[in-house]
Amino acid sequence: MNSANNIKVAGFGGQGVMMFGQILAYSATKEELFGLWFPSYGPETRGGTANCSVIVSNKQINSPVFKNADHLIAFNAPSLEKFRRNLASDGLILYNSSLIKEKIEECDQLCVGVPINDIALELGNVKVANMVMMGAYLELTNLFGDVTIHAIIKKILGEKKAHLVDLNKQALAAGKDFVKKLGVQYA
Amino acid sequence: MAKILMKGNEAIALAAIKGGIDAFYGYPITPQNEIPEYLSKHMLDLGRVFLQSESEVSAINMVYGAAGAGKRVMTSSSSPGIALKQEGISYIAAAELPCVIVSVMRGGPGLGSIQPSQGDYYQATRGGGNGDYQLIVYAPESIQETIDIMKDSFNIADYYRNPVLVLVDGLIGQMMESVDFDKPVKERELPEKDWATNGTINHPGRRNVANSLHLDPYGLEQHNIHLQKKYNLIKENETAFELVNMKDAEYVIVAYGTMARICRSAIEMLNEKGIKVGMIRPITLWPFPEAAFDEISEKAKGILCCELSMGQMIDDVLIANNGRHKVGFFGRSGGVLPDPEEIVDAIVNFKDKVVK
């Protein structure tokens, strides 16, 4: 793991963008690393834009604010457009190719598209698209193992939504499989 | 206990519970709403009081009343809401009642924005209330430090019979960090609250009165002299600050709260460039850590005061510096957060930032 990973997660409100970021911060905390999450907390609405910043670090986190992200997770086209300019040169872009159909040009970084909506729909619920993305992201970065992520998902869903744990695990696995089949690797 | 991930506002609320809060009175305002939200869920189960009042003015006067009765009381708000509470805060300070006030600063002036800001340094340290009073003002830089201060805040308020203000910006309220709630709190021997207006059962024949009205000028002057003695004691005992990389620092940054953390990253970047930069980080804004400025090397090229405002703490920096070094200023306002690179530029181009 790099000493610190600066991660930008962005998309439409309702796509599970904030939850995606929180799961990373929860996982960091569980693994006794340092996790920091902060949302854009403007007057956002469902269908509007949402983004959050996450820092996962193995040492005390100084600035909560970063200029360039190491990893950009873009759930829709406007987010990709907005945040790809502020990305480290050896960074990673992971994007939702169900909504971003155009080929991404002039990309210096590793750029991986995953059709998360389509994969989630195949699993029976588009709401787990963010977990498909999570699977793809973890396959590429190896940031956290399944044991940690599964424990966090279980904790977040709680007793009321315990019946959704398996579906979320399937979504994670589907995202991982997709990246494995692509054969791409991110150092 | 293992660390947990928690949102700043919720951590403030839980730390207040652990610090022994008896009652909370408040009125909603972004970006601090998760504080009352959390307390509304938990206080009744704990047999304690949560009340959402009809306005900020009534909330602070409920704090006045409950503090007068000897209870551990808290209110929280954000910038314009704290402005509305100033009258009550002055009364509470005048009546020497302990309470804890949390201000999660947003952009100003006026209704401003809901984004993070440090535009209320004057409001916190100079007060919008009338008269010669002081609040003990803490400005933590992380959720962990906020928790540690909150847990101790009721003790400090009780010890000095004075309001404590915990001043954070909207980012600390809204972000989540890995935190530990089990750090021990400093032990303090607290005096009996024999002044509390809770009936005469403990002191038959003597009525206690909580009051801020002293019509006799000589009597009021004596009261002010008494308050100043207390404030001097607080200056002596409670002034808190952190020094970062001060040895042989060519430049010294002065920053608090979120800005201090951004500056920490900038200092690392500057050290990599071979520019030695240190930092004075006030943890109490009042009392302001003037003595820390004696630690600045005589050879230092300058002091850069960094704030999320147009320049408020810089007044105290200029007083503490007392003409010894050049003082520059870097600020962003309105809810804009600078990235560390902007601070790096400000140090590299220090001569353009000098104000005095």
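What nm distance separates the two modelled labels at B:E187 and B:L213, each placed 7 Å from Cα along Cα→Cβ?
Label at B:E187, label at B:L213, 4.4 nm between them.
Compute for the stretch A:4-182: radius of gyration divided by Kirkwood radius, i.e. Rg/Rh, restricted to C-alpha atoms, rounded to two decimals.
0.93
No other cysteine beta carbon under 4.7 Å away is the test; run it over the protein assembly as shown and list who passes.
Within the protein assembly as shown, the cysteines lacking a partner Cβ under 4.7 Å are A:C52, B:C99, B:C263, B:C305, B:C306.
If ligands, DNA and RNA are left out, what is the accessible area of B:V354 with a 1.4 Å probe, given in Å² to the nearest 10?
Solvent-accessible area, nearest 10 Å²: 50 Å².
With springs only between Cα atoms under 10 Å, which of B:D316, B:D248, B:D45 fluctuates most in a Gaussian network model of chain B?
B:D45
Averaged across the residues of B:335-342, what count of C-beta atoms belonging to other chains lies within 10 Å of each residue's C-beta?
3
Ratio of the stretch B:1-153's C-alpha Rg to 2.2 N^0.38 Å, to two decimals?
For the stretch B:1-153, the normalised Cα radius of gyration is 0.98.
Which FRET efficiency value, to the nearest 0.05, do you get for B:H203 and B:L243 by plugging their Cβ-Cβ distance into 1/(1 + (r/R0)^6) with R0 = 56 Å?
With a Förster radius of 56 Å, E is 0.75.
Dividing the alpha-carbon Rg of chain B by 2.2 N^0.38 Å yields what?
For chain B, the normalised Cα radius of gyration is 1.01.
How big, in percent, is the set of alpha carbon pairs in the protein assembly as shown lying more than 33 Å apart?
Tail of the P(r) past 33 Å holds 46 percent of the pairs.
From zero up to wherever the largest Cα-Cα distance of the stretch B:243-353 sits, split into 5 Å bins and tell me the percent of pairs in each.
2, 13, 27, 28, 20, 8, 1, 0
Between the stretch A:111-169 and the stretch B:13-66, what's the alpha-carbon centroid distance in Å?
37
Full-extension gain between B:D339 and B:D352, please, as 0.36 nm times their residue separation minus the C-alpha to C-alpha distance.
2.8 nm
Among the listed pairs B:K301/B:K356; B:K273/B:K351; A:K82/A:K169; B:K235/B:K276, which are separated by more than 21 Å between their Cα atoms?
Exceeds cut-off: A:K82/A:K169; B:K235/B:K276.
Given C-alpha coordinates of the stretch B:36-94, what is the ratio Rg to Rh with the Kirkwood estimate of Rh?
0.97
For chain A, what's the relative contact order in percent, using C-alpha pairs closer than 8 Å and at least 6 residues apart?
20
Before anything else, pin down the relative contact order of chain B: Cα pairs under 8 Å, at least 6 apart, normalised by residue count, whole percent.
It rounds to 17 percent for chain B.
Please list the non-local residues whose amide H lies under 5 Å from the amide H of A:L87, H modeled 1.01 Å from N, same-chain partners needing a gap of 5 or more.
Hits under the 5 Å cutoff: A:A69.
The values are calculated or read from the model by the stated rules, or taken from the named source; none is laboratory data. Because the structure is predicted, anything quoted here is derived from the model rather than measured. Here the Cβ is made from the backbone with ideal geometry for all residues, glycine too, and neighbour counts use every protein chain on show. For the accessible areas, the whole protein counts, side chains as well, though only heavy atoms, and no ligand, DNA or RNA atoms are used. Shrake-Rupley method; radii C 1.70, N 1.55, O 1.52, S 1.80 Å.
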